[in-house]
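**Student:** One structure is given below, represented as structure tokens, and several questions about it will come after.
The values are calculated or read from the model by the stated rules, or taken from the named source; none is laboratory data. The structure displayed is predicted, hence computed values, not measured ones. Neighbour counts run over all protein chains shown; Cβ positions are idealised from the backbone, glycine included. Ligands, DNA and RNA are stripped out before the accessible areas are found, and what is left, the full protein with its side chains, is counted by its heavy atoms. Shrake-Rupley method; radii C 1.70, N 1.55, O 1.52, S 1.80 Å.
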Amino acid sequence: MSQRTQQEGVRPRRSMLTTHEQRTRWAEDGDVEAIWDVLAAARWDLIPDMEQVFSLLLRAINVRAERDTAGFAAETFTRMIGFNTYLLMRSQMYINLRLGQHGRSTRALGRPDFSLSAVAELIPGMLELQTALAETMAAQATTARAYELARAKRIENDRAEGVKAGAGQPAPRAHAPANGPAETMGAGGRTSNRVTGLLDGSGSNNNGAAHDDQDDSPLA
């Protein structure tokens, strides 16, 4: 067996994380859902230290909130709205069951009237849940709008700073050739140089009139 085959056959044993190490890594990564699933799904009698898990949950929440405040706020509002909706639907279902039981118990008397006497003690609690859910939804919309306005303002400020920085720079100047000032376009569409024009006679004459690369008209 060759040395390469021997090296390929020997693989380092992968170190497995313990349960506490895995949960600690979740907390350091801000993985709130992973630790929450442990509390929500696992049997509590199988968790030796419940307070330790709650402390890791708190650390994960802090990490998640610091890294992305707007995203964490949106997730928290979603969780609150979901749970409040769950409570409201459960209360509505329970009230509906109570009304159905009342109707079945009085069916021997004919068609029963719709009476809230059987659920009178449940109505205030349901109304509180409805109010809490509506206020949470309104707060979510207000918070999301505030974050969007702050983001738009930040982008506008960054753009203004960029324009201001660009305005402070000097304007680009035309590059002058090595033999003198920049060339100009003559009347005939040819480029002319002021110094070169003086040497070849195509520049200004003694009285200041420009020739523009054209021959002088003969005198009559």
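**Student:** What distance in nm separates the simple spin-label points at Leu58 and Glu33, each placed 7 Å from Cα in the Cβ direction?
**Tutor:** For Leu58 paired with Glu33, the spin-label model returns 2.5 nm.
**Student:** Sticking with this structure for a sec: Contour minus end-to-end for Leu122 and Arg145, with contour as 0.36 nm per residue of separation and end-to-end as the Cα-Cα distance?
**Tutor:** Here the answer is 4.7 nm.
**Student:** Quote the FRET efficiency, to the nearest 0.05, computed for Asp158 versus Ala40 with a Förster distance R0 of 41 Å and r equal to the Cβ-Cβ distance.
**Tutor:** After rounding, the FRET efficiency stands at 0.50.
**Student:** Using a Förster distance of 35 Å, how high is the FRET efficiency between Met93 and Ser15, based on the Cβ-Cβ distance and rounded to 0.05?
**Tutor:** Efficiency, from the Cβ-Cβ distance: 0.10.
**Student:** Ok, one more. Step through the residues of region 64-73 one at a time and calculate ³J(HN,Hα) from phi using the Karplus curve (6.51 cos²θ - 1.76 cosθ + 1.60, θ = phi - 60°), rounding each to whole Hz and writing x for Gly and Pro.
**Tutor:** With coefficients 6.51, -1.76 and 1.60, one gets 5, 5, 6, 6, 8, 5, 5, x, 5, 4 Hz.
**Student:** Based on the Cβ-Cβ distance of Arg25 and Ala70, what FRET efficiency does E = 1/(1 + (r/R0)^6) give at R0 = 25 Å, to the nearest 0.05?
**Tutor:** 0.50
**Student:** Quick one: accessible surface of Tyr147, probe radius 1.4 Å, all protein chains present, in square angstrom to the nearest 10.
**Tutor:** 90 Å²
**Student:** Hey, rough spin-label estimate for Thr106 and Ala132, points 7 angstrom out along Cα→Cβ, what's it come to in nanometres?
**Tutor:** 3.0 nm
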